[in-house]
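The values are calculated or read from the model by the stated rules, or taken from the named source; none is laboratory data. What you are looking at is a predicted structure, and each value in this text was computed from that prediction instead of being measured. Neighbour counts run over all protein chains shown; Cβ positions are idealised from the backbone, glycine included.
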Amino acid sequence: MNISEFPQHFTGIAARASEADRTGQLPPRNWQDVVDSGYLRVFHPVAAGGTAADGVSQVAAMESLALACPSTYWSATMSTLLCGKLIHGYGDLAVHRPLLEELLSGWKLGAFAVVERTAGSDAGTYRTVVSKGRDGGLVISGEKARITNAPTGDLAVVLARLDERVDRDGHGWCFAFVDLNQPGVERYPMEHMGLRAMPWGGMRFDRAHVAPHDIVPVPYAEFAEGMAWGWLFISVSSIAIAEAALHTCVAHARSHVSFGRPLGHMEGVQAQLARLRGKIDAARLLAQRVAWHRAAGHSARDEIAMLKAYATELAVAATQSAVQIHGAWALQPGHPVERLYRDAPMNVIGGFASNRLRELIAEGMGTGPAVYRPFDWLSGTGLDEDLRTPTGTG
Amino acid sequence: MDHAPLDALSLTELPSLTELFESLHALERLRSEAHAYAALKVAPNTAERDRAGHWDPQLFAGLATIGLSGGALLPPSHGGHGLTALQTAALLDGYADGSQDPGTALAAIAHGLLCAAVVHRLAPETLRRRLLPALASGEQICGISLLDTLGGAVPTTATATPVDGGGAVLTGAKRLVVNAEIAHQFVVVITEHAYLVDRDTPGLTVVEGLGPAAVPTCTWGELAFEECRLGPGAVLGPAVQAVPLLAAHERVFSSAVWLGAMRSLVRHSAALAGQRRLFDAPLGHSQAVRARLADMRTRLELCVGLVHRAAALLDRPGTVPSQHTATVRLFTATAAQAVAESAAALFGPEALADGHPVHRAQRDAAFFAAAGGGPDVLQPVIAAPLLALSGAVRSPKADR
């Protein structure tokens, strides 16, 4: 596996990225290119059917694909990296090796279903549950929404509650490996602003069958640990978006003459480019370091959380800078910066939003778990004057 | 849009990064040793030395215990420790963390990692053989103006007139000289060349004590040259070789010091969040406070990667791209100021008490950000290669 060849494998995907965004559909040829490149196997050990690339090389492979087309990247990496790692990490390889091989070969596409219609990060509101069916087997019921690969996926790793009658370990939660091509599963697409070619939508489970060995009980604390794989891939997506934005800025600043000199001769423009260069380098180096640790078997969860919060917000800032440097051209549909501008925000929100990540990071610094209490802390302090007078009613 | 450049992936850099990450455990051990030494031997009187602007020669000599002598980077054949830049950066990181004293670290950088490094790289063999063991042992101390790391970006304040038979006559002044009070020799860069100037050279006056209102635990001063005649043996080498080396070392090693300084701030801030109460709850229960702490730690981790990469590049043969070293300096200085400001926000008014570590850190971070050229020097250094700009490429309109 020569990582340096990946960019070459993805040139066709890059050439189709704009059209894919316009139509909101991933060209079938993209998936074939991803499969042929060997990308789907780089994240996994040989024993699991992978090619066991080191963490630094994994990041290079990811960035190659994300630079070519963020939508294709999200769809493919969600399947092989996040779903693949969850199946490998929490399942039983002796049992689930065929399931994993279907993802790594590209024969099937995986989705990771966590969020429900009524909530984002607050798992307390999740209702999807695995319980006993009428025939004594296990079934899953509920609805997951805003899920990558939901409309087109074949297999979902679903975070679900365990009905107390089937919760042998008392964890209360499980990962359920659910076949999406069966009666009792309904899928639907959802509109989204960016990453438009990425399949995204919801799935309803109405007593859909799940084999007992495909129910993996997990303590809820493990959820964030597993999600860290997702934070990593979303971070690399963001680094690629920021790098692509910087690339377009540099090209524009070199060629566009303004006030009698190329834009790039202006100190203010140089400042924006220099700052971006440093921030992207810093984010990429952190991504490489945490991926290296992760591939070597260490958690690095908190550092990945830091990376995710930083890199995703950087991508948004980078595309805003790109609009500033390009001017109004960049806001026209079809302009590459306009696409990047729309693609960036999903990364901030997907797989734990920044606010939630910062709470986890602080917890790792010794502040203890997040404490949520209803707002009452101005009461009795003498500082709540506005709350007690008409002028303070907002 | 054409596909973003493939070299943006820095694919050629991957093998060296793997080597770097494999060495992290050993680097952490060095960092911990330096931290333990500094916490025990240096930190107890940092606040007092800072308040009094007191220089402690014994403390400076003791830095050799952990390898931070003038010979840190010098080979054993010249009396040095033969450390790599990565190892040296790890020591500076640990030292600054444990000591909360960036001043003595700056003195060590100026002496060993700027002056001794330039002598080692540029001086004739006879001078190297004579001088380097003395610099390594601390028998001789070197000083230098931090402005000499900026090359021609700032106006020249001194001139060097060549004289027949070699050598030069120096006239003018050098400001912002580190180790001014203690140095036996000064490295000075004036127009075409770098020179080694003995403190006792006729025509040189060292004005001690003139320096910034920051980093008071090293000694500052100015050099005044009045018909200061140097012999041919004082010429170290061409400025075009000295300045890039000085700039690279100043950027990377001073940034390494601020890794340690930020670690200390982050640790103390997190501890405070667990102790202090606000609105009848621990400060650390506030989501806003938690976000501030998380961002402080994140900035630190981002800087670690940049410093390590740049230090690893210093250890490789060949020229280190200025873009990389300038990036480290710009990013770390911005992060250091932000982290110090966040710490100040958490500590509240007490952080502004005279001698408070957070107040000192804010003051010194501001100096760190301004020295080394600040953003107005570093940004074009980073952006110019990005834009493939050079002095020879001008737009026709600009020429008219």
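A compact table of results
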| quantity | calculated |
| --- | --- |
| Hits in the stretch A:337-381 - residues which are in a helix (DSSP H, G or I), at the interface with chain B (Cβ under 10 Å from one of its Cβ atoms), of a type in the set (A, V, I, L, M, F, W, C) and farther than 19 Å from A:GLY24 by Cα | A:LEU357, A:LEU360, A:ILE361, A:ALA362, A:MET365 |
| The listed residue being more than 8 Å from every other protein chain (Cβ to nearest Cβ) and touching a strand residue (DSSP E or B) at 6+ places or on another chain (Cβ under 7 Å), out of B:LEU283, B:LEU278 | B:LEU283 |
| Qualifying position, being under 30 Å from B:LEU17 (Cα atoms), more than 17 Å from the chain's Cα centre (by Cα) and within 11 Å of chain A (Cβ to nearest Cβ), among B:ARG299, B:ARG309, B:ARG329 | B:ARG299 |
| Within the stretch A:121-134, considering residues that are polar (S, T, N, Q) and out of contact with any Gly (no Cβ under 7 Å at 6 or more places or on another chain), the one surrounded by the fewest Cβ atoms within 10 Å (Cβ to Cβ) | A:THR125 |
| Residues located in the stretch A:307-321, provided they are within 17 Å of B:MET296 (Cα to Cα) and in contact with a Leu (Cβ under 7 Å, 6 or more places away or on another chain) | A:LEU307, A:LYS308, A:ALA309, A:TYR310 |
| Conditions (1) touching a Lys or Arg at 6+ places or on another chain (Cβ under 9 Å); (2) within 21 Å of A:ILE234 (Cβ to Cβ); (3) within 12 Å of chain B (Cβ to nearest Cβ); (4) not in a helix (DSSP H, G or I): number failed by A:GLY334 | (2) |
| Residue within the stretch A:302-318 that is surrounded by fewer than 19 Cβ atoms within 10 Å (Cβ to Cβ), polar (S, T, N, Q) and more than 8 Å from every other protein chain (Cβ to nearest Cβ) present | no |
| Selection count where residues are assigned to a strand (DSSP E or B) and under 15 Å from B:VAL177 (Cβ atoms), scope the stretch B:193-240 | 17 |
| Answer residue from the stretch B:275-286, given it is crowded, with 16+ Cβ neighbours inside 10 Å and in a helix (DSSP H, G or I) and is farthest from the chain's Cα centre (by Cα) among those | B:HIS285 |
| Matching residues, the stretch B:360-388, being away from chain A (no Cβ under 12 Å) and of a type in the set (A, V, I, L, M, F, W, C) | B:ALA361, B:ALA365, B:ALA366, B:PHE367, B:PHE368, B:ALA369, B:ALA370, B:ALA371 |
| Unique match (being of a type in the set (Val, Ile, Thr), surrounded by fewer than 21 Cβ atoms within 10 Å (Cβ to Cβ) and out of contact with any Phe, Trp or Tyr (no Cβ under 7 Å at 6 or more places or on another chain)) among A:ILE361, A:ILE325, A:ILE349 | A:ILE349 |
| Single unsatisfied condition, A:GLY297 versus (1) within 12 Å of chain B (Cβ to nearest Cβ); (2) not in a helix (DSSP H, G or I) | (1) |
| Total residues in the stretch B:155-205, condition of a type in the set (A, V, I, L, M) and surrounded by fewer than 16 Cβ atoms within 10 Å (Cβ to Cβ) | 1 |
| Criterion: of a type in the set (Gly, Ala, Ser), more than 14 Å from B:ALA239 (Cβ to Cβ) and touching a residue at least 12 places away in the same chain (Cβ under 8 Å) - qualifying residue of B:GLY151, B:GLY143 | B:GLY143 |
| Candidates B:ALA326, B:ALA291, filtered to the one that is in a helix (DSSP H, G or I), touching a residue at least 12 places away in the same chain (Cβ under 8 Å) and not acidic (Asp, Glu) | B:ALA326 |
| Residue within the stretch A:198-209 that is in contact with a helix residue (DSSP H, G or I) (Cβ under 8 Å, 6 or more places away or on another chain), crowded, with 20+ Cβ neighbours inside 10 Å and modelled with pLDDT of 95 or more present | yes |
| Residue tally, condition part of a strand (DSSP E or B) and of a type outside the set (S, T, N, Q), over the stretch A:140-179 | 22 |
| Selection within the stretch A:283-294 - surrounded by fewer than 24 Cβ atoms within 10 Å (Cβ to Cβ) and at the interface with another protein chain (Cβ under 7 Å from one of its Cβ atoms) | A:TRP292 |
| Boolean, A:ALA253 is within 20 Å of A:ALA66 (Cα to Cα) and crowded, with 18+ Cβ neighbours inside 10 Å | no |
| Those residues of the stretch A:251-282 which are touching a residue at least 40 places away in the same chain (Cβ under 8 Å), among the aliphatic types (A, V, I, L, M) and more than 7 Å from every other protein chain (Cβ to nearest Cβ), in sequence order | A:LEU263, A:VAL269, A:LEU276, A:ILE280 |
| For B:ARG316: the one exception among (1) among the charged types (D, E, K, R); (2) under 21 Å from the mean Cα position of the chain (by Cα); (3) facing chain A (nearest Cβ under 8 Å) | (3) |
| The stretch A:236-249, residues that are buried (at least 24 other Cβ atoms within 10 Å of the Cβ) and within 7 Å of chain B (Cβ to nearest Cβ) | A:GLU243, A:ALA244 |
| Those residues of the stretch B:155-169 which are of a type outside the set (Asp, Glu), assigned to a loop (DSSP other than H, G, I, E, B) and free of Cβ contacts under 8 Å to residues at least 60 places away in the same chain, in sequence order | B:PRO155, B:THR156, B:THR157 |
| Those residues of the stretch B:48-92 which are out of contact with any Lys or Arg (no Cβ under 8 Å at 6 or more places or on another chain), surrounded by 17 or more Cβ atoms within 10 Å (Cβ to Cβ) and in a helix (DSSP H, G or I), in sequence order | B:ARG49, B:PHE60, B:LEU63, B:ALA64, B:ILE66, B:ALA85, B:LEU86, B:GLN87, B:THR88, B:ALA89, B:LEU92 |
| Any hit, the stretch B:172-181, residues being in a helix (DSSP H, G or I), at pLDDT 95 or above and either within 26 Å of B:ALA34 (Cβ to Cβ) or charged (D, E, K, R) (or both) | no |
| Pairs where the first residue, in the stretch B:50-69, is of a type in the set (Val, Ile, Thr) and the second is in a helix (DSSP H, G or I), C-beta under 6 Å, 6+ apart | B:ILE66/B:ALA34; B:ILE66/B:TYR37; B:ILE66/B:LEU91 |
| Answer residue from the stretch B:292-322, given it is at pLDDT below 95 and of a type in the set (S, T, N, Q) and is farthest from A:GLN272 (Cα to Cα) among those | B:THR319 |
| Among the residues listed as B:SER255, B:SER264, B:SER269, the single one being part of a helix (DSSP H, G or I) and under 16 Å from the mean Cα position of the chain (by Cα) | B:SER255 |
